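Visitor: Here it is: the structure, laid out below.
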Amino acid sequence: MKSDKKFGFFGLRDIVEDHKGYGRQIFLLSKNELKKQYKGSLLGPLWAIVKPVFTLFILWFAFTVGIRGSGRINGFPQFMFLLTGYVPWFYVSESILGGSRSLRKNSQFVTKISFPVSNIMTFTALSRLYVHIFLALLMYIVLVIFGYCPNIYNFQVLYYLPLMFMFFLALSWTTACFSAVSKDFENLVNSIMTGLFWLSGVLWDTYGVHNDWVRRLMYLNPINYFVNGYRKTFLYEEFIFDRVWENIIFFGEFAVIILLGAHYYKKLRKTLPDIL
């Protein structure tokens, strides 16, 4: 009984119960979320793909035409290195920003409809995943054309992709609730995204930092785990658990994110209708 109460305290049981019987609704709402974001535009949800694809095109043009022969990063052509960093970053940034705004943007589900609140974060995260899968497939085609794939390491994407989805979904249990309570928190999330980009190894190799202390400090940034994970999978040809401490630190942080997110969700859920 004690362990059951503790589990209930952290809100994990509530979140699991919220999702029972709502699989179809979550899937339909995730598609609608993508359509709603670009409602009124000619291309509709395709705009979610146009922006990152255009960014990747600019990177390709810059490093294969404009700055040809400008060098390599960790032994790989700059465009290939940046491609495998930008693709997960697009999903990470959209998940963090979209997750923090999810309750405010879908307040009608909280105030007017009897709908499990945690499912709002889930269908929001799922809508971003569709775009990421398309971009990841496009990235893979480019890597195959240039001879970096296929190989056995590519199957590791089946580990990193769902883990990335679950991590940032769990993070949104906290950020969405805090943003609903305070608009200032949402603004704070927006303001730190640029800093996260530069600290997350999208443009540079965190494994190549010469200072041992600083290099280990980079392990504390979970975004690095996924950016480096995609490079392990598609460029480096490294296995997931080759760097033991990196995995230990990440899963420790993941456990904390889950417990804190579920706890704050349980604590704030009943007050959300009044706040929104």
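Visitor: Which whole-number percentage describes the relative contact order of region 206-276, with Cα contacts under 8 Å and a sequence gap of 6 or more?
Guide: Details: 23 pairs, mean separation 16.0, N = 71.
That works out to 23 percent.
Visitor: Whole percent per 5 Å bin, from 0 to the bin with the longest distance: what is P(r) over all C-alpha pairs of the chain?
Guide: P(r) for the chain, in whole percents per bin: 1, 5, 11, 15, 18, 16, 14, 10, 6, 3, 1, 0, 0, 0.
Visitor: Length gain on complete extension for the stretch Q25 to T271, per 0.36 nm per residue less the alpha carbon to alpha carbon distance?
Guide: 86.2 nm
Visitor: Could you tell me which helices of the chain pass both thresholds, a Cα extent of 24 Å or more along their own axis and a mean Kyte-Doolittle hydropathy of at least 1.0, with helices taken as whole DSSP H runs?
Guide: Details: long enough: 78-105 (39 Å, 0.30); 117-145 (44 Å, 1.86); 157-181 (36 Å, 1.69); 183-199 (25 Å, 0.41); 244-268 (36 Å, 0.96).
Those that clear 24 Å and a mean of 1.0 are 117-145, 157-181.
Visitor: Still on this structure, I have one more. Return a whole-number percent for the relative contact order of region 2-275, with Cα pairs under 8 Å and 6 or more residues apart as the contact set.
Guide: For region 2-275, the relative contact order is 29 percent.
Visitor: Determine the gain in length on full extension of the stretch F134-F241; use 0.36 nm per residue of separation and subtract their C-alpha separation, reporting nm with one decimal. Walk me through the intermediate numbers first.
Guide: On the way: separation 107, 0.36 × 107 = 38.52 nm, distance 2.65 nm.
Fully extending the segment from F134 to F241 adds 35.9 nm.
Visitor: Moving to a separate point now. How do 28-37, 222-231 rank on mean C-beta neighbours within 10 Å, highest first? The partial results should precede the final answer.
Guide: Details: 28-37: 16.3, 222-231: 23.4.
Final packing ranking: 222-231, 28-37.
Visitor: Regarding region 152-276, what is the average projected area of its C-alpha convex hull, in nm²?
Guide: Over all viewing directions, region 152-276 projects a mean Cα-hull area of 8.6 nm².
Visitor: Ok, one more. Can you give the extra length, in nm with one decimal, that the chain gains between H263 and D205 once fully stretched, where that is 0.36 nm per residue apart less the Cα-Cα distance? Display every interim value, and only then the final one.
Guide: Numbers: separation 58, 0.36 × 58 = 20.88 nm, distance 3.52 nm.
Roughly 17.4 nm would be gained on extension.
Visitor: K35: which aspartates and glutamates have alpha carbons under 19 Å from its alpha carbon, excluding same-chain residues fewer than 8 sequence positions away?
Guide: Within the straight-line cut-off, K35 pairs with E94.
Visitor: Can you list residues whose amide H is under 5 Å from F76's amide H, if they're 5+ apart or on another chain and H is modeled 1.01 Å from N?
Guide: none
Visitor: Moving on to the next point. Okay, which of region 95-116 sit inside 19 Å, backbone N to the point 7 Å along the Cα-Cβ direction of L196?
Guide: Taking a point 7 Å out along Cα→Cβ of L196, the residues of region 95-116 whose backbone N falls under 19 Å are 95-106.
Visitor: Going Cα to Cα from K232, which aspartates and glutamates come in below 16 Å? Please leave out same-chain ones fewer than 8 positions away.
Guide: Straight-distance partners of K232: D205, D242, E246.
Visitor: Averaging sequence separations of C-alpha pairs under 8 Å and six or more residues apart, then dividing by the length of region 135-272, give the relative contact order as a whole percent.
Guide: Relative contact order for region 135-272 comes out at 39 percent.
Visitor: Tell me, what is the FRET efficiency for V50 and L97 to the nearest 0.05, using R0 = 25 angstrom and their Cβ-Cβ distance as r?
Guide: That pair, V50 with L97, gives E of 0.90.
Visitor: Same structure again: Can you pull the one-decimal nm distance between simple spin-label points at F251 and F146, each 7 Å off the Cα toward Cβ?
Guide: 3.3 nm
Visitor: Averaging over every viewing direction, what projected area does the convex hull of the Cα atoms of region 90-167 cover, in nm²?
Guide: Values: hull surface 22.8 nm².
Across all orientations, region 90-167 yields a mean hull projection of 5.7 nm².
Since every read-out is calculated from the coordinates, none of them should be taken as a lab result. Quick caveat: nothing in here was measured; it's all calculated off a predicted structure. Don't worry about glycine lacking a Cβ; one is built from the backbone with ideal geometry, like all the others, and counts go over all protein chains shown.
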